[in-house]
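Below is one structure, written out as structure tokens; the observations come after it.
Rule-based calculations on the coordinates, nothing more; no lab input. Remember, it's a predicted structure, so these values are computed and weren't measured experimentally.
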Amino acid sequence: IISVPNSTTKADLLLETAQAQCKLHRIQKQLVDQLVECNLLQLEYSHLQVQWVEQHLLEAEGHVGQVWLVIRQSGYTLGCGTEVSSEW
């Protein structure tokens, strides 16, 4: 509840305080908007990193598959200590 000012000075101070609070909230909103923009850019960068890693993973999996094929075609058997991953 805002009390009615009983002098011009108090009225001026009341108005200036309200305007200052408004300005402060406007600045806070701008800060939050910038933080959101920063987070969106970080998310986009992380997404690009995921794509890069996924591509390299596919290439590595393809290479492992080729190695297995060459080993099988050569007639070699793997040693007893070698585990075959179900992912390959």
Going residue by residue through region 13-19, the Karplus relation 6.51 cos²θ - 1.76 cosθ + 1.60 with θ = phi - 60° gives ³J(HN,Hα) values, rounded to whole Hz and with x marking Gly or Pro, of 5, 4, 5, 4, 5, 4, 5
One point scatterer per Cα, no solvent, Debye formula: log10 I(q)/I(0) for the chain at q = 0.19 Å⁻¹ comes out as -0.96
